[in-house]
C-alpha cells in the first residue's frame, strides 16, 4: 500500500473531522492521522491508499480542499531505515 501526506489550506476543527471518522472509505484507503498547524492555517493528513487518484476522488466527493498530495515513504529512526518500497503486486492487490 502506498503512503501519502495531504496538505490542506485550512485547519480542520474536531467538529469537521469527527463525522468523517464514520464514513465508509474506499477499499484499501486508511486515514491514519491529521496534524493541525493552527498558527499557519494548514492541516497535514497521513493516508494509505492504492493510488493518489483514489485520494483526490475522495477529497472531491467530500469537498475537502487540498494544496498538494505527496506519495511518501516512512523513515523509522528506531531501525535507521526507510520502509520498503511497495511492490507493484502489493499495490495492485489493494485495488
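Quick look at the values:
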{"item": "Tail fraction, Cα-Cα pairs, the chain, threshold 20 Å, whole percent", "result": "39 percent"}
{"item": "Gaussian network model of the chain, Cα within-10 Å springs - most flexible of 53, 27, 18", "result": "18"}
{"item": "Mean separation of Cα contacts under 8 Å (6+ apart) over length of the chain, as relative contact order %", "result": "40 percent"}
{"item": "Rounded to 10°, Cα long-axis angle of helix 52-61 versus longest principal axis of the chain", "result": "20 degrees"}
{"item": "Gaussian network model of the chain, springs between alpha carbon atoms under 10 Å - residue of 30, 51, 21 with greatest fluctuation", "result": "21"}
{"item": "Residues in region 1-27 reached by a label modelled at residue 61 [backbone nitrogen below 11 Å; 7 Å Cα→Cβ]", "result": "23-27"}
{"item": "Computed [θ] at 222 nm, deg cm²/dmol, the chain (DSSP H ≥ 4; -39,500 (n - 2.57); rounded to nearest 500)", "result": "-5500 deg cm²/dmol"}
{"item": "Segment residue 12-residue 30, length gained on full extension (0.36 nm per residue, minus Cα span)", "result": "4.7 nm"}
{"item": "Listed residues 29, 69, 11, most fluctuating in the chain (Gaussian network, C-alpha, under 10 Å)", "result": "11"}
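No value in this document is a laboratory result; all are computed from the given coordinates. Note that the structure is predicted; figures quoted are calculated from it, not measured. Please note: Cβ atoms are built from the backbone with ideal geometry, for glycine as well, and neighbour counts cover all protein chains shown.
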